[in-house]
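Undergrad: Encoded as structure tokens, here's the structure I'll be asking about.
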Amino acid sequence: MTWWLLAGLLIGCYFFKVAGLFVAENSRLSPWADRFLSCLTPAVLSGLIIVQTFDFGGELAMGALTVGVATGAAAALLKAPLAVVLVVASATTAVTRLF
Amino acid sequence: MTVSEWLKATWTRQHQRDGFLLGLAVGIFGITFGVLSISAGLAEWQAVAMSLFMFTGASQFAAVGVIDAGGNPVSALGTALLLAARNGAYALSVGKIMPPGKGRKLLAAQLVIDESSAMAQAQPTLREAQEAFWTTGLSVFVFWNLGTLIGVLVGGIIGDPMVWGLDAAFPAAFFALLLPHLNKREKRRSAFIGAAIAMVAIPVLPSGLPVVLAGFGAVVGARARTKRQGQN
């Protein structure tokens, strides 16, 4: 990880938090902005999941990784604890790669 | 007050006990972050610095995940900051319960995350909201960083991450992170549209952009709600 990426991450993440706290005293978000910010997280997270599961060098594809992620997701839907979800996803991927 | 007195006082009050336990659970997540950071090729100190100073799980995982997948640093930064923007909204509501004082706010800001904000909002009185915020925030902070440290040490002895299928752990972790954000219709819609945008964008756009574009799912998701508000 290059130094400027790390610096950007540290400063950027703190900026949002501190800006919100200091702005809070004399202003409010419009209901739309409030809803937009609460929708931003699920939108970006699901985009991230798709990219990391189906993007094989710029092409939509499936592989051992896809099988593992799907199994892990099923575990998460069954309310398995995070550690279990990750072990299931990783182990399934590793075993599928053997074939 | 000694530590044991503080623990005893904390333990007898439900919102503080819940906050403490929440932090403990997040610590497990911290271990995962440490392990995955090392497997993505980060130096130990970088993972530790991220947990101390970024201190917002989804963004940390995202940055490391994009790097691990071979994405460029700009898209790693963009994705992480898009995910961090929600802390700004949390901070606005936490700001309403914070007593004035610059120093205290600079410190409190770092603790504004999903868990502490949700716990504070769930309290009936101002005093309990403040207590819940500080207990949860500090507990998550301590255990998240402790977890990262353990994960970084464990990650070093694991070896080749591909052999263990650890590359599948990132998207699986994001899925687990996503589930609690699907509690409202407009959020589910945003998630769905974000996923669809990413799918369409992957073959045509350079890596990194599909995730940033997925953020537009929120624009559509949030707007659709405004139109239909009368029906809901």
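None of the figures in this text is laboratory data; all of them are computed from the coordinates on show. Bear in mind the structure is a predicted one, so any value in this text is a computation, not a measurement. Note that we place each Cβ from the backbone using ideal geometry, even for glycine, and neighbour counts take in every protein chain shown.
Undergrad: With chain A treated as a Gaussian network of Cα nodes joined by springs under 10 Å, which of A:Leu65, A:Leu40, A:Leu78 yields the largest mean-square fluctuation?
TA: A:Leu78
Undergrad: Let me see the pair-distance distribution of chain B: every alpha carbon pair, 5 Å bin width, integer percents in order.
TA: With a bin width of 5 Å, the distribution comes to 1, 6, 12, 16, 17, 16, 14, 10, 5, 3, 1, 0, 0.
Undergrad: Modelling each spin label as a point 7 Å along the Cα-to-Cβ direction, I'd like the B:Arg185/A:Met62 distance in nm, to one decimal.
TA: If labels sit at B:Arg185 and A:Met62, their model points lie 3.2 nm apart.
Undergrad: So, in Å, what gap is there between the alpha-carbon centers of segment B:94-120 and segment A:15-74?
TA: 23
Undergrad: Let's test this: bin the Cα-Cα distances of the protein assembly as shown at 10 Å from zero up to the farthest pair and state each bin's percent.
TA: That works out to 6, 25, 36, 24, 8, 1, 0, in percent per bin.
Undergrad: List the residue ranges in chain B for DSSP H helices whose C-alpha atoms run 27 angstrom or more along the long axis and whose Kyte-Doolittle average is -0.5 or above.
TA: B:14-39, B:73-95, B:126-155
Undergrad: With the radius of gyration and the Kirkwood radius both derived from the Cα set of segment A:1-44, what is their ratio Rg to Rh?
TA: 1.10
Undergrad: Using C-alpha positions alone, give me the convex hull volume of chain A per residue in cubic angstrom.
TA: Here the figure is 174 Å³ per residue.
Undergrad: Here's another thing I want to ask about it. Only counting other Cβ atoms within 10 Å, I'd like B:Glu186, B:Glu5 sorted with the fewest neighbours first.
TA: Going from sparsest to densest Cβ surroundings: B:Glu5, B:Glu186.
Undergrad: Please compute the modelled spin-label separation between B:Leu24 and A:Val23, points set 7 Å along Cα→Cβ, answer in nm with one decimal.
TA: 3.7
Undergrad: Something else about it: Return A:Ile49, B:Ile67, B:Ile28, B:Ile193 ranked ascending by Cβ neighbour count within 10 Å, so the fewest neighbours appear first.
TA: The fewest-first ordering by Cβ neighbours comes to B:Ile28, B:Ile67, B:Ile193, A:Ile49.
Undergrad: Are any of the pairs A:Lys17/A:Lys79; B:Lys96/B:Lys187; B:Lys105/B:Lys187; B:Lys105/B:Lys184; B:Lys102/B:Lys187 more than 28 Å apart by Cα-Cα distance, and if so, which?
TA: A:Lys17/A:Lys79; B:Lys105/B:Lys187; B:Lys105/B:Lys184; B:Lys102/B:Lys187, as the Cα separations exceed 28 Å there.
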